[in-house]
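Trainee: What follows is a single structure, and I will ask about it in a moment.
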Amino acid sequence: MKYSLEFSRRIAHHPFIIVVAGLAPATRLDAGSGPADESQVSPSRHGLQVRDATAAAGNASADIASQAAVGRDIRALRKSRGLTLAELAVAAGRSIGWMSQAERGRSALSINDLRRIAHALGAPISWFFAHDGVPEAERGYVVRAGSRRQIGSVEGGLVEELLSPDLGGAYEVVHALFEPGATLEEMVTRRSEGSGYIDDGRFALWAGGRHFALGAGDSFRFKNEPHRWRNPGAGRTVVVWVIAPPVY
């Protein structure tokens, strides 16, 4: 049975008796004073031990779930970047087998591992900590307004946040905020289909050799075509994008 590094540390410093299925009969983990025979432990002390053990097990489950979520993020980002498992493993200084286990949430990741992986994928290391504090029941389903993950670059007056819970689906939903005058100067082409809804402001779009002047309530779509954009207004523009497959 494997545990995350954090859970191992909790057990190593745990002051009470921990009973784990599949291990030898419970033994005291500390060398402090007190009765060695579990039958001599007072009911109140025993109740505290049970509650503490339950809390530790709950924390371990949360750690494992978070580790699995990070693994899915790594896999989705790798695929969106067009990298093979071997290429990412080389960039991270790890074996292909280890990287495969990491993507499955079965390898404990150190900060240095995450830093190298984030660098190879062109993502901020904070991307992998967005799952912390998210209720397990909401992971993969819900993104709270204050928990959106920033993607892309803030350069050029554009701030993008991921509205999808992760990048593991067939498409991604992105909240894009364009400052006045923000411009994508050169045409870019992505192997994806993109649709957008102008939630607020004005938006100029060049796609398919055409120019479109759009405003709040308008929407658009293009696929595998060179495109560029600009916010021609004096105020901010908000666009909600749906992109398939995910490109971030």
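Trainee: Determine the gain in length on full extension of the stretch E138-V238; use 0.36 nm per residue of separation and subtract their C-alpha separation, reporting nm with one decimal.
Mentor: 33.4 nm
Trainee: Alpha carbon centre of region 222-248 versus region 86-144: separation in Å?
Mentor: Region 222-248 and region 86-144 have Cα centres spaced 27 Å from each other.
Trainee: Another question, then. Note down the magnitude of the dipole of region 160-201 about its Cα centre, charges +1 on Lys and Arg C-beta and -1 on Asp and Glu C-beta and zero elsewhere, to the nearest 20 debye. Show your work: numbers first, answer last.
Mentor: Numbers: 2 positive and 10 negative charges, 46 e Å.
The dipole of region 160-201 has a size of about 220 debye.
Trainee: Sketch the reach of a paramagnetic label on F212 as a point 7 Å from Cα along Cα-to-Cβ, and name the residues of region 218-248 whose backbone nitrogen lies under 14 Å away.
Mentor: Of the residues in region 218-248, 218-230, 239-243 have backbone N under 14 Å from the label point off F212.
Trainee: What are the ³J(HN,Hα) values, in whole Hz, obtained from phi via the Karplus relation 6.51 cos²θ - 1.76 cosθ + 1.60 with θ = phi - 60°, for each residue of region 158-164 in sequence order, with x given for Gly and Pro?
Mentor: After applying 6.51 cos²θ - 1.76 cosθ + 1.60, I find 10, 10, 10, 10, 7, 8, 6 Hz.
Trainee: Now for a different question. With θ set to phi - 60° and the Karplus curve 6.51 cos²θ - 1.76 cosθ + 1.60, what are the ³J(HN,Hα) couplings of region 197-203 in order, to the nearest whole Hz, using x for Gly and Pro?
Mentor: These are the phi-based 3J(HN,Hα) values: 10, 7, 7, 7, x, 10, 8 Hz.
Trainee: Dipole of region 143-244, Cα-centred, from +1 at each Lys and Arg C-beta and -1 at each Asp and Glu C-beta, to the nearest 20 debye?
Mentor: On the way: 12 positive and 13 negative charges, 32 e Å.
In debye, rounded to 20, region 143-244 gives about 160.
Trainee: Amide H to amide H under 5 Å from L163: which residues, 5+ apart in sequence or cross-chain, H placed 1.01 Å off N in plane?
Mentor: Hits under the 5 Å cutoff: V173, V174, H175.
Trainee: Also: Please compute the net charge surrounding G215, taking Lys and Arg as +1 and Asp and Glu as -1 over other residues with Cβ under 10 Å from its Cβ.
Mentor: Numbers: positive: R202; negative: D200, D218.
With Lys, Arg at +1 and Asp, Glu at -1, the neighbours total -1.
Trainee: 5 Å is the cut-off here: which amide hydrogens, built 1.01 Å from N in the peptide plane, fall below it relative to A182, excluding neighbours closer than 5 in sequence?
Mentor: Those lying under 5 Å, H to H, from A182 are N231.
Trainee: Under 18 Å from the 7 Å Cα→Cβ point of Y197, by amide nitrogen: which residues of region 219-238?
Mentor: Residues passing the 18 Å test: 219-222, 237-238.
Trainee: Computed FRET efficiency, Cβ-Cβ of L163 and E225, R0 22 Å: what is it to the nearest 0.05? Don't skip to the answer; put the middle values down first.
Mentor: Details: r = 23 Å, r/R0 = 1.06.
The computed FRET efficiency comes out at 0.40.
Trainee: Can you put D113, D218 in order, fewest other beta carbons within 10 Å first?
Mentor: Numbers: D113 19, D218 15.
Arranged by neighbour count, lowest to highest, D113, D218 become D218, D113.
Trainee: Explain nothing, just compute: Karplus ³J(HN,Hα) = 6.51 cos²θ - 1.76 cosθ + 1.60, θ = phi - 60°, for every residue of region 101-115 in order, whole Hz, x for Gly and Pro.
Mentor: Values per residue, Gly and Pro as x: 5, 4, 5, 8, x, 10, 10, 6, 9, 7, 4, 5, 4, 4, 5 Hz.
Trainee: Further, regarding this structure: Arrange the following residues from fewest to most other Cβ atoms within 10 Å of their Cβ: T183, T237.
Mentor: Numbers: T183 15, T237 27.
Sorted ascending by nearby Cβ count, the order is T183, T237.
Trainee: Another question, if that's okay. Kindly state, to the nearest 0.05, the FRET efficiency for E87 paired with Y171, given R0 = 30 Å and r defined as their beta-carbon distance. The partial results should precede the final answer.
Mentor: Details: r = 25 Å, r/R0 = 0.82.
Given R0 = 30 Å and the Cβ-Cβ separation, E is 0.75.
Trainee: Near the amide H of G105, under 5 Å away, which other amide H atoms are found, from residues 5 or more places off or on another chain, if H is placed in the peptide plane?
Mentor: Excluding prolines and chain starts, which carry no amide H, the hits are G71.
Every read-out reported here was derived from the displayed coordinates using simple, explicitly stated rules and does not represent laboratory data. All values derive from a computational prediction rather than experimental measurement. Glycine gets a Cβ as well: all are built from the backbone with ideal geometry, and neighbour counts include every protein chain shown.
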